[in-house]
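Can you read through this structure? Questions will come right after.
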Amino acid sequence: MTIGALVFAFDSEILYSKLAIECASRIKKHLDIPVTLVTDTPVDADVFDKQVTVERGNDTNRRFFIDRDASTTWFNFGRYRAMELSPYKRTLLVDSDYMLNNNAILPLLNSRQPFLCHRQVQSINHAKPRIEKFGIKNTHMWWATVVVFDKTNRFTQDVFAVWQMVEENYKHYADLFGFSSKQFRNDYALSIALLLCNGNLHPTQCEIPWPLLNVDTDIEVSNISDTWWIDYTDKNKKKKISVRNHDLHIMCKSYLEKLYGI
Amino acid sequence: MLINSMQTNQLSKNIKTRFDHQQARVILRETYQAKMIFTHNGGMWQASPELILLCSVCDGTVVLEDYYNTPISVDSNELCTLAKQRWQEQMNAWQVEYEEISKNR
């Protein structure tokens, strides 16, 4: 059985390909599995075992990043192609801003669960994990940040097929579930796909057994050797914590760019 | 060594920033809960006193429910050893890191 990771990176004002290099080297260090990059322009980096070049497409999203104080282009379409593009039987699909700091994902890759992703999320400065909901039906949101899938499994194939269908008919699904269609979100497309493929029941068998740890855009991060320092404000008081052995989804891209000299 | 006003400002900012022990412990607990997960015989298990106890009262091959409520046939002694090993390793590492962050100011 082949196991490997897949990272998508399409550069805009943010150089996602540079973030992907850091992400890939962390995957290699902690999980010791091959990494494939999906991009529109090949990257000069040894860390990738394979690079798959695809067309970026013309569709773009604009998203306001607090840390950059500007609106930024964001190419997040076509993520449903991960199944077709992955050279591995069991794949770890991660966003390039997901920084691995331990090997907790390994059991997920070695399990028999056909499809796994996060439903619970925890902000680094909050005491409890939560489940995000979207649309007028309060549909549970499943995060597309980290996805583990077995491409030979029928359920997985159905999820990716519906993910594609939702992306291609996003306005229709946005009207149906009652959310804004202005900005395409893979999290929403994945959530709808999982719900539909699981017969309109919450697919609890797909849940990664711990919450996704998010570092929100308004939080400062710095990295000293293996320790991440997180600075935030709580009730007008400046506070900080250190995190060493936990994977972090760092949403403030400008700090990552600063850290890795991008 | 001379310290200019900008450096003084940065120093006073650093001093005012308090280490949030409570939040650091919450995140640390999440870290080690995640590390308690392991696979065995195609099932996903969470090393815990409950699992160790359950395996201890069983003998030989038994069918147990894994993390995803899937019935899995396992050798209870083998699963017990793995669960105990994982649990002790991670509890020890947790304690070491807990002591370390307790020293932060």
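Of the residues that make up region A:206-215, is at least one surrounded by fewer than 21 Cβ atoms within 10 Å (Cβ to Cβ), more than 11 Å from every other protein chain (Cβ to nearest Cβ), without any contact (Cβ under 8 Å) to a residue 24 or more places away in the chain and more than 17 Å from A:I124 (Cβ to Cβ)?
Within region A:206-215, none of the residues are surrounded by fewer than 21 Cβ atoms within 10 Å (Cβ to Cβ), more than 11 Å from every other protein chain (Cβ to nearest Cβ), without any contact (Cβ under 8 Å) to a residue 24 or more places away in the chain and more than 17 Å from A:I124 (Cβ to Cβ).
Hey, can you tell me all the residues within region A:169-191 that are among the aliphatic types (A, V, I, L, M) and surrounded by fewer than 17 Cβ atoms within 10 Å (Cβ to Cβ)? Can you show your working first?
Start the filter on region A:169-191 by keeping residues that are among the aliphatic types (A, V, I, L, M), which leaves A:174, A:176, A:189-190.
If the condition is that a residue be among the aliphatic types (A, V, I, L, M) and surrounded by fewer than 17 Cβ atoms within 10 Å (Cβ to Cβ), then A:L176 is the only one that fits.
Among the numbered criteria (1) open to solvent by less than 40 Å² (accessible area, probe 1.4 Å); (2) part of a loop (DSSP other than H, G, I, E, B); (3) acidic (D, E), which one does A:D218 miss?
Unmet for A:D218, out of (1) open to solvent by less than 40 Å² (accessible area, probe 1.4 Å); (2) part of a loop (DSSP other than H, G, I, E, B); (3) acidic (D, E): (1).
Restricting attention to region A:212-262, which residues are touching a His at 6+ places or on another chain (Cβ under 8 Å) and polar (S, T, N, Q)?
Looking only at region A:212-262, we keep the residues that are touching a His at 6+ places or on another chain (Cβ under 8 Å), and these are A:212-215.
Matches in region A:212-262: A:N214 only.
Related question: Taking interchain pairs and intrachain pairs at least six residues apart, which have beta carbon atoms under 9 angstrom, with the first residue in region B:91-105 and in a loop (DSSP other than H, G, I, E, B) and the second of a type outside the set (S, T, Y)?
Here the result reads B:N104/A:K240; B:N104/A:I241; B:N104/B:F19; B:N104/B:H21; B:N104/B:A24; B:R105/B:R18; B:R105/B:F19, each pair linking region B:91-105 to a residue that is of a type outside the set (S, T, Y).
If I ask for residues that are open to solvent by 30 Å² or more (accessible area, probe 1.4 Å) and at the interface with another protein chain (Cβ under 9 Å from one of its Cβ atoms), which ones from region A:105-150 would you list?
A:L106, A:N110, A:R112, A:N125, A:H126, A:A127, A:K128, A:P129 - these are the residues of region A:105-150 that are open to solvent by 30 Å² or more (accessible area, probe 1.4 Å) and at the interface with another protein chain (Cβ under 9 Å from one of its Cβ atoms).
Here's another thing I want to ask about it. Taking the criterion of being at pLDDT below 95 and open to solvent by less than 30 Å² (accessible area, probe 1.4 Å), would at least one residue in region A:90-98 satisfy it?
Looking through region A:90-98, at least one residue is at pLDDT below 95 and open to solvent by less than 30 Å² (accessible area, probe 1.4 Å).
Count, please, the residues in region B:32-55 that happen to be in contact (Cβ under 8 Å) with a residue 24 or more places away in the chain and either of a type outside the set (F, W, Y) or surrounded by fewer than 17 Cβ atoms within 10 Å (Cβ to Cβ) (or both). Step through it out loud before you land on a result.
Narrowing region B:32-55 to residues in contact (Cβ under 8 Å) with a residue 24 or more places away in the chain: B:32, B:35-38, B:40-45, B:47-49, B:51-52, B:55.
Next, only the ones that are either of a type outside the set (F, W, Y) or surrounded by fewer than 17 Cβ atoms within 10 Å (Cβ to Cβ) (or both) stay: B:35-37, B:40-44, B:47-49, B:51-52, B:55.
The qualifying residues number 14.
Tally time: how many residues in region A:192-204 are surrounded by fewer than 16 Cβ atoms within 10 Å (Cβ to Cβ) and within 12 Å of chain B (Cβ to nearest Cβ)?
So the answer is 1.
Within region B:48-104, can you find the residues that are of a type in the set (D, E, K, R) and within 14 Å of chain A (Cβ to nearest Cβ)?
Residues of region B:48-104 that are of a type in the set (D, E, K, R), as a first pass: B:50, B:59, B:65-66, B:75, B:78, B:84, B:86, B:89, B:97, B:99-100, B:103.
Once the filter is applied, which keeps residues that are of a type in the set (D, E, K, R) and within 14 Å of chain A (Cβ to nearest Cβ), region B:48-104 yields B:E65, B:D66, B:R86, B:E89, B:E97, B:E99, B:E100, B:K103.
Let me ask you something else. Checking A:F155 against (1) in contact with a Pro (Cβ under 8 Å, 6 or more places away or on another chain); (2) closer than 27 Å to A:D11 by Cα, which single condition isn't satisfied?
(2)
State yes or no: is A:Y255 part of a strand (DSSP E or B) and open to solvent by less than 60 Å² (accessible area, probe 1.4 Å)? Show your work before the answer.
Details: part of a strand (DSSP E or B): no; open to solvent by less than 60 Å² (accessible area, probe 1.4 Å): yes.
It is false that A:Y255 is part of a strand (DSSP E or B) and open to solvent by less than 60 Å² (accessible area, probe 1.4 Å).
Let me ask another. Just checking, does region A:181-200 include any residue being among the hydroxyl-bearing types (S, T, Y) and at pLDDT below 95? Outline the logic, then answer.
So the first thing to find is which residues in region A:181-200 are among the hydroxyl-bearing types (S, T, Y), and the list is A:181, A:188, A:191.
Applying the additional criterion that residues be at pLDDT below 95 yields A:181.
Yes, region A:181-200 has at least one match.
The values are calculated or read from the model by the stated rules, or taken from the named source; none is laboratory data. Only a predicted model underlies this, so the values are computations on that prediction, with no experimental measurement involved. Please note: Cβ atoms are built from the backbone with ideal geometry, for glycine as well, and neighbour counts cover all protein chains shown. Side chains are part of the model used for accessible areas, which takes the heavy atoms of the whole protein and leaves out ligands, DNA and RNA. Shrake-Rupley method; radii C 1.70, N 1.55, O 1.52, S 1.80 Å.
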